[in-house]
2 protein chains.
Amino acid sequence: MIIRRAREEDFDAIWQIIAPVIAAGETYSFDRDMDRDAGFQAWMTPPHTTYVAEIENKIAGTYNIKRNRAGGGGHVCNAGYMVADWARGRGLASAMCEHSQREAKDQGYRAMQYNCVVSTNTGAVRLWKKHGFDIVGTLPKAFHHPKAGYIDAYVMYKSLMDDPE
Amino acid sequence: MIIRRAREEDFDAIWQIIAPVIAAGETYSFDRDMDRDAGFQAWMTPPHTTYVAEIENKIAGTYNIKRNRAGGGGHVCNAGYMVADWARGRGLASAMCEHSQREAKDQGYRAMQYNCVVSTNTGAVRLWKKHGFDIVGTLPKAFHHPKAGYIDAYVMYKSLMDDPE
C-alpha cells in the first residue's frame, strides 16, 4: 500500500470512492446531492491537502487535512477519510489515520480534531480510539441520519505533541 | 434597544465593533490580521445572516447565524456575537443571544452550537449557560491565547426544540 499526495487527475477515482459515501449521508455531513464539481471543491481544493492510498496501483482510499479553525484555533487540524467498498477490511483507514497524523505534524499542527463523528458509525469510533483519539464532546441529536433519524455525534480529539505540555 | 437585520451600509459601524475583537484574538478564532474586506466576507456574507443591535440609533452590537455543518448536520446552526466596548454592561449580549435563538428557530434550525468558546472568556461561558447552553465538550489546548498560551476551548450546545424528543 502506498499513500501519496493526490493529483488533480486522480479525482475520477477519488469521486468513485467519495460519491457513494456522500450520497448515502450516513457518516459525513456533506450535502447528499453534491455533484462532482462541488465534490472536487469540498475534497480536493485548498485549504485541503488531499492524499490517496493505492493498492496495486489502484486508488483504494483517500483522505484530506485542513486547518480546523483560523486564528487562535489554527494549530488544530481536521481530517476526513474514505475507503472504497472493494478495499474494506485491509487496514486502509488505520494506515491513512496514522499517515495523516504524521503529515499534520509535518505541516506544523499540534492537534487533530474530528468535528462530527456520527455515533452510529461505531467502527470509525472504535478505530479512532485505537489510534489515540478521545471523545471530548457529545453533540446531542446533532446528526440527521437517513435511517436512524436525529442521533448524537461525537467530537474526537488527539494531541499530536509528544509532550502535550 | 432594537435588533434588526444588518444592511451593507452598516458595515462601517460593524467593523468598528468587530475589528478590535478580531485583532485582540482572545475570544474568537479569526485570523488576527484580517482586513476590512476579509472581515466583511467573514461576518456579513452568505451563508451568514447578520444582525445589528442599536441603542439610540447607534449600532452597539452585532451577531450572525449560519449553518454549522452541511448534510446531516444542517439542522444545527452556529452564531457569533460582538458588543461595542462603549455598550458593555447593558444586556446586549443577552438580548442578542435570545434574539438569535428565535431567528434560528424561524430559519428552521433545531439546535445552536458554539464551536470554540475560549475557556478564559468566563463572562461568555456564564452568559451562554444562563441562556440554556450546555458545555458538551472540552477541546484540550485547542485555542492559542495571545497572553495565556494554549488553553482549553468549549463546545456549547442548546436544543431549540420545545420538546427535544
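Read the figures in this text as sums done on the coordinates, not as results from a lab. Given the structure is predicted, the values throughout are model-derived calculations rather than measurements. Methodologically, a virtual Cβ is constructed for each residue, glycine included, from the backbone with ideal geometry; neighbour enumeration extends over all protein chains shown.
A compact table of results
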quantity: Stretchable slack from A:Thr45 to A:Arg90, in nm (0.36 nm times residue separation minus alpha-carbon distance); calculated: 13.4 nm
quantity: Residue-by-residue Karplus 3J(HN,Hα) for region B:2-19, coefficients 6.51, -1.76, 1.60, Hz, glycine and proline x; calculated: 10, 10, 8, 4, 6, 10, 4, 6, 7, 5, 4, 5, 5, 4, 4, 7, 7, 4
quantity: Alpha-carbon centroid distance for the pair region A:12-45 / region B:65-144, whole angstrom; calculated: 29 Å
quantity: Under 13 Å, Cβ to Cβ, from B:Tyr51 - net charge with Lys/Arg +1 and Asp/Glu -1; calculated: 0
quantity: Using a Förster distance of 25 Å, the FRET efficiency for B:His131-A:Asp152 (Cβ separation, nearest 0.05); calculated: 0.70
quantity: Assigned charges on the beta-carbon of Lys, Arg, Asp, Glu; region A:59-165 dipole about Cα centre (debye); calculated: 300 debye
quantity: Cα gyration tensor shape of region B:74-165, rounded if a/c is under 1.5, else prolate or oblate by comparing a/b with b/c; calculated: oblate
quantity: Extension gain from A:Thr122 to A:Ala19, taking 0.36 nm per residue of separation minus the Cα-Cα distance; calculated: 35.0 nm
quantity: Closest approach to the axis - chain A beta-carbon, rotation onto B, Å; calculated: A:Gly137, 1
quantity: Pseudo-label separations to other copies for B:Ala24 - Cα-to-Cβ vector, 7 Å, nm; calculated: 4.7
quantity: 7 Å along Cα→Cβ, label-point gaps from A:Lys58 to other copies, nm, shortest first; calculated: 7.0
quantity: A:Arg7 versus A:Lys66: modelled label distance in nm, points set 7 Å from Cα along the beta carbon direction; calculated: 2.4 nm
quantity: Sites matching trypsin sites (Lys or Arg not before Pro) across region B:85-165 that sit in DSSP coil, with at most 12 neighbouring C-beta atoms within 10 Å; calculated: B:Lys147
quantity: Pseudo-label separations to other copies for B:Ala148 - Cα-to-Cβ vector, 7 Å, nm; calculated: 3.4
